[in-house]
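Below is one structure, written out as structure tokens; the observations come after it.
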Amino acid sequence: MIYYTFGLIVALIYSILLLPNKVGDPPSFNPTIYPLIYNGMIIIPLNKEKAIHLHHWILALFICLYYYKNNNFAFGFGLGLLFQGLSYSDSYKIICDNPHNKN
């Protein structure tokens, strides 16, 4: 239980230090590496106009599913990021305008 709680605390610290406070803001660490990362967000172009935004809560969901029985720290960390990511108003907007095309 202590590792689970520690994972949640680390997720909270990670969220405060690196993730944006409101929708539309870039994270604190925001590199752009075409074609997968744009301003620190995983955005994969589909075509010139549209892209897939792979939100951090989706990655956190996979962390939770993979580690839920074997690693309490990773599960707690993933769960913290999952709930934090779902708190954004655009958390279910997966298809977005392709920002890579604007540069």
(message) Need pairs with beta-carbon distance below 6 Å; first residue of a type in the set (G, A, S) and within region 75-103, second outside any helix (DSSP H, G or I) and open to solvent by 40 Å² or more (accessible area, probe 1.4 Å); sequence gap 6+ or separate chains.
(response) S89/V23
(message) Quick check on I43: is it farther than 28 Å from T5 by Cβ and at pLDDT 95 or above?
(response) no
(message) Which residue is farthest from L79 (Cα to Cα), if the candidates are limited to region 18-42 and must be free of Cβ contacts under 8 Å to residues at least 40 places away in the same chain and assigned to a strand (DSSP E or B)?
(response) I33
(message) Condition check: of a type in the set (S, T, Y), modelled with pLDDT of 90 or more and surrounded by fewer than 14 Cβ atoms within 10 Å (Cβ to Cβ). Does T5 satisfy that?
(response) yes
(request) Output the residue which, of all residues in region 13-42 that are closer than 16 Å to Q84 by Cβ and among the polar types (S, T, N, Q), is least open to solvent (accessible area, probe 1.4 Å). (result) S15
(request) Within region 43-75, track down each residue that is surrounded by 16 or more Cβ atoms within 10 Å (Cβ to Cβ) and part of a strand (DSSP E or B). (result) I43, P45, A51, H53
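The values are calculated or read from the model by the stated rules, or taken from the named source; none is laboratory data. What you are looking at is a predicted structure, and each value in this text was computed from that prediction instead of being measured. In this analysis, Cβ positions are derived from the backbone assuming ideal geometry, glycine residues included, and neighbour counts consider all displayed protein chains. Each accessible area value is taken on the protein alone, full model and side chains, heavy atoms only, with ligands, DNA and RNA left out. Shrake-Rupley method; radii C 1.70, N 1.55, O 1.52, S 1.80 Å.
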